[in-house]
Amino acid sequence: MRGSAVPPLAAAVLALTGLLAPVSAAADPIAYRPPTPRPAAYQLDCDGDGPGSTCTVLATGRPGPGHVEEFAITVRSGEQVWARDTLYSRDGHARSRPFVLPEQDVTVRALVTSLPERRAGTPLRLMSWNLFVGGTINGQEKTGENLRQMIEYLNDVDPDVLFVIEGYGSGQKILDGLNAGRPADDRFTGVRLTRPEDYSANGDNLWLYTKLKVEKVYPRYADADISSFNLGGARLGLPDGRHVHAFSMWTWHEISANWDVHEAAVQNLYGRPRTKTDAQLLDDDRFRRVAMGRAILDKALPSFIGDDDAPVLMGGDLNAWPYLDWTEQFRNARGHAGMVLPWPLTKMYADAGFVDTFRHANPDAGRYPGRTWSSLSGYRSAPARIDYIFARGAVRVLGSRIDDRRLPAHQGSALDQTYPFYSDHSSVVTDVVIRGNGTGPDRPVVSEEPEHAPGVWPATPPGTPIPPAELSATATTFKPGAGEPSRAVDGDVTTDYHSDYPEIAPQPHFVTVDLGRVRELSAVRFQPRLGYDMNGTVLKGVVQVSDDGTTFRDVERVEWPRMTAPNDVDMKGVPARYVRLRVDYGMGGASSLAEIIPYEKS
């Protein structure tokens, strides 16, 4: 739906005003300072008339000679923000990224600030990444090929500031790889932040790489809660003579919410008793991490920065979940299962004036969960985002994305199938502008894609589920006493079929379900195992059917994500007595399934 003004939308979905007062600093944690923004004219461009429609905002300013216009666009329902964009334009026009209209009425705010073209600010690309023991995949990859590919990926991202966790002996190799072939004015400086007295035999942890001038490396800070293994940083000079403070950080990994919240989500979704209450889940943060956060924010940072109001940039792996993702706004988002969880550690950063740049750029946590754990061992029901880039001060966030897949040139390599990314952590990439002198953004801004993988849980497939009592199953390999194929058709998602181990038969593996008689099938749901260990989760295979159990015909070739969400296959009314899944590849070379649920055409 298009129009020259704000279009009327059905069912009064939108309460829109074309010209609104400026956003207050309290409403937007990264607020502008003079020059003062003014309201901008805008129109809404939607593909439908109600909730679920995809829209963009087209804003118009009045550019003057030698000026660039900075547009700030926000879509909110009351205090709930659903979309946010900061855009720079020299022709007076800006279009926001697409967003999906929620059920609630929303208000659009469009503001524009006119800046002299040399006062738009300094653009910086920030990147934060845990390298999983220096790019060796915890020592499992000994050829150096993964590290080589990792360096190629880093050069492809081309950050201005790179926060590294788990450098673990690869720091100098990474620096050399980043600088190979670079011109003198585009080279990186690498700073090993973790001091020798603070790391074990595993090696050094925190590094900082930057193209900016390193003006000062901050001294080691240590007390009862943190050391340079947890925090380190430097003052970095900007091209206009100003500076920023940059810190890499890591907080404790044990008693993590990664398993506990997944388990709670599954229990909520299936109406089972909870192992941990919401309050007990939040207590996971209080095992060492909250104390570390207080030491970082209340002690270490003030000792380094003092009363300097220059921007502060922080990146790292907190092993803690984002409180902004678990508010009332996202109670019913995929994988949240009705839970509202004000995670204490990440809230401390917000209370200290820091902006979670990924969530600022992508406010809709249901559409953009930003999973960073784990690209290797699989994504469980509840979306785990534990890696961050924070910003405080005169910083404008332009865009942020999560990377969890090898570059196309590296896909299909010997490493790719087993290790789909270079680390067990996804990386976080954020583009910002530091307010002040400079010409503003100088390359395309990074942008996150909506999560198109199956939701947790998707709608029930069409048709009538065949009762478990009418089904039986066989498999070419299974673990006696622990993974019999009958567990995949028993109606209980807490039991699962698993191929035999520790000796793993070569794939393909076959799991066959006998429907008792020939039936017209509308769909089949394949539910991955829901336990802590996602070993055996099926990633590639073929769904087949047969009338006699001997001769099978292909229905669909499947490729499924490393997730615990169910995968549904449209059977299009095919008649069959037997359904078979040929597992061409499962995680760890194994095969497992919690349930196979055939649906009969009604």
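The values are calculated or read from the model by the stated rules, or taken from the named source; none is laboratory data. Treat the numbers as computed from the prediction; the structure is a model and nothing was measured. Every residue, glycine among them, receives a Cβ derived from its backbone with ideal geometry; neighbour counts consider all protein chains shown. These area figures cover heavy atoms from the full protein model, side chains too; ligands, DNA and RNA do not enter into them. Shrake-Rupley method; radii C 1.70, N 1.55, O 1.52, S 1.80 Å.
Does the stretch 143-165 hold any residues that are within 18 Å of residue 248 (Cα to Cα), touching a Ser or Thr at 6+ places or on another chain (Cβ under 8 Å) and surrounded by 23 or more Cβ atoms within 10 Å (Cβ to Cβ), and which are they?
161, 162, 163, 164, 165
Only one of 508, 485, 502 is open to solvent by 40 Å² or more (accessible area, probe 1.4 Å) and modelled with pLDDT of 95 or more; which?
508
Answer yes if at least one residue in the stretch 236-249 is crowded, with 18+ Cβ neighbours inside 10 Å, over 30 Å from residue 494 (Cα atoms), among the small types (Gly, Ala, Ser) and touching a helix residue (DSSP H, G or I) at 6+ places or on another chain (Cβ under 9 Å), and no otherwise.
no
Could you please tell me which pairs satisfy a Cβ distance under 6 Å, a separation of 6+ or placement on different chains, a first residue in the stretch 454-476 that is open to solvent by 80 Å² or more (accessible area, probe 1.4 Å), and a second residue that is modelled with pLDDT under 95 and among the polar types (S, T, N, Q)?
Filtered contacts from the stretch 454-476: no entries.
Would you check if residue 381 is touching a residue at least 40 places away in the same chain (Cβ under 8 Å), open to solvent by 20 Å² or more (accessible area, probe 1.4 Å) and part of a loop (DSSP other than H, G, I, E, B)?
Spelling it out, it is not the case that residue 381 is touching a residue at least 40 places away in the same chain (Cβ under 8 Å), open to solvent by 20 Å² or more (accessible area, probe 1.4 Å) and part of a loop (DSSP other than H, G, I, E, B).
Pairs only if they're at least six apart or on different chains, beta carbon under 7 angstrom, first in the stretch 528-545 and at pLDDT below 95, second among the aromatic types (Phe, Trp, Tyr) and open to solvent by 40 Å² or more (accessible area, probe 1.4 Å); list them, first residue then second.
Cβ pairs passing all conditions: 532/259.
For every residue, the table says whether it meets (1) modelled with pLDDT of 95 or more; (2) within 13 Å of the chain's Cα centre (by Cα); (3) closer than 21 Å to residue 348 by Cβ.
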{"position": "372", "(1), (2), (3)": "yes, yes, yes"}
{"position": "376", "(1), (2), (3)": "no, no, no"}
{"position": "382", "(1), (2), (3)": "no, yes, no"}
{"position": "385", "(1), (2), (3)": "yes, yes, yes"}
{"position": "389", "(1), (2), (3)": "yes, yes, yes"}
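Every residue in the stretch 62-87 that is of a type outside the set (Val, Ile, Thr) and buried (at least 23 other Cβ atoms within 10 Å of the Cβ), please.
Residues satisfying the conditions are 69, 70, 71, 72, 83, 84, 85.
If we scan the stretch 130-142, do we find a residue that is on the phi < 0 side of the Ramachandran plot, touching a strand residue (DSSP E or B) at 6+ places or on another chain (Cβ under 8 Å) and in contact (Cβ under 8 Å) with a residue 24 or more places away in the chain?
Within the stretch 130-142, one or more residues are on the phi < 0 side of the Ramachandran plot, touching a strand residue (DSSP E or B) at 6+ places or on another chain (Cβ under 8 Å) and in contact (Cβ under 8 Å) with a residue 24 or more places away in the chain.
Are any residues in the stretch 279-324 open to solvent by 10 Å² or more (accessible area, probe 1.4 Å), among the charged types (D, E, K, R) and either under 23 Å from residue 368 (Cα atoms) or in contact with a Phe, Trp or Tyr (Cβ under 6 Å, 6 or more places away or on another chain) (or both), and if so, which ones?
288
So which residues in the stretch 571-594 are touching a residue at least 60 places away in the same chain (Cβ under 8 Å), open to solvent by 10 Å² or more (accessible area, probe 1.4 Å), touching a strand residue (DSSP E or B) at 6+ places or on another chain (Cβ under 7 Å) and not aliphatic (A, V, I, L, M)?
Those that are touching a residue at least 60 places away in the same chain (Cβ under 8 Å), open to solvent by 10 Å² or more (accessible area, probe 1.4 Å), touching a strand residue (DSSP E or B) at 6+ places or on another chain (Cβ under 7 Å) and not aliphatic (A, V, I, L, M): 577, 578, 580, 582, 584, 585.
Only one residue in 490, 548 is out of contact with any helix residue (DSSP H, G or I) (no Cβ under 8 Å at 6 or more places or on another chain) and either open to solvent by 20 Å² or more (accessible area, probe 1.4 Å) or closer than 12 Å to residue 581 by Cβ (or both), so which one is that?
Only one candidate passes the filter, namely 548.
For the list (1) within 28 Å of residue 434 (Cβ to Cβ); (2) modelled with pLDDT of 95 or more, I need the number of the one condition that residue 80 fails.
(1)
Any residue at all in the stretch 555-563 that is open to solvent by 10 Å² or more (accessible area, probe 1.4 Å), among the basic types (Lys, Arg), closer than 18 Å to residue 484 by Cβ and out of contact with any Asp or Glu (no Cβ under 9 Å at 6 or more places or on another chain)?
no
In this structure, does residue 124 turn out to be under 25 Å from the mean Cα position of the chain (by Cα), crowded, with 20+ Cβ neighbours inside 10 Å and without any contact (Cβ under 8 Å) to a residue 60 or more places away in the chain?
no
Just checking, how many residues over the stretch 292-321 are under 22 Å from residue 167 (Cα atoms) and polar (S, T, N, Q)?
Counting residues in the stretch 292-321 that are under 22 Å from residue 167 (Cα atoms) and polar (S, T, N, Q) gives 1.
Just checking, how many residues over the stretch 274-332 are assigned to a strand (DSSP E or B) and of a type in the set (A, V, I, L, M)?
Qualifying residue count, the stretch 274-332: 3.
Among residues belonging to the stretch 347-378 that are in a loop (DSSP other than H, G, I, E, B) and aromatic (Phe, Trp, Tyr), point out the one that is least open to solvent (accessible area, probe 1.4 Å).
Step by step, filter the stretch 347-378, then rank; the result is 354.
Can you spot a residue in the stretch 424-436 that is in contact with an Asp or Glu (Cβ under 7 Å, 6 or more places away or on another chain), surrounded by 16 or more Cβ atoms within 10 Å (Cβ to Cβ) and at pLDDT below 95?
Scanning the stretch 424-436, I find at least one residue that is in contact with an Asp or Glu (Cβ under 7 Å, 6 or more places away or on another chain), surrounded by 16 or more Cβ atoms within 10 Å (Cβ to Cβ) and at pLDDT below 95, so the answer is yes.
In contact with a helix residue (DSSP H, G or I) (Cβ under 7 Å, 6 or more places away or on another chain) and surrounded by fewer than 21 Cβ atoms within 10 Å (Cβ to Cβ), is that true of residue 338?
In short, yes.
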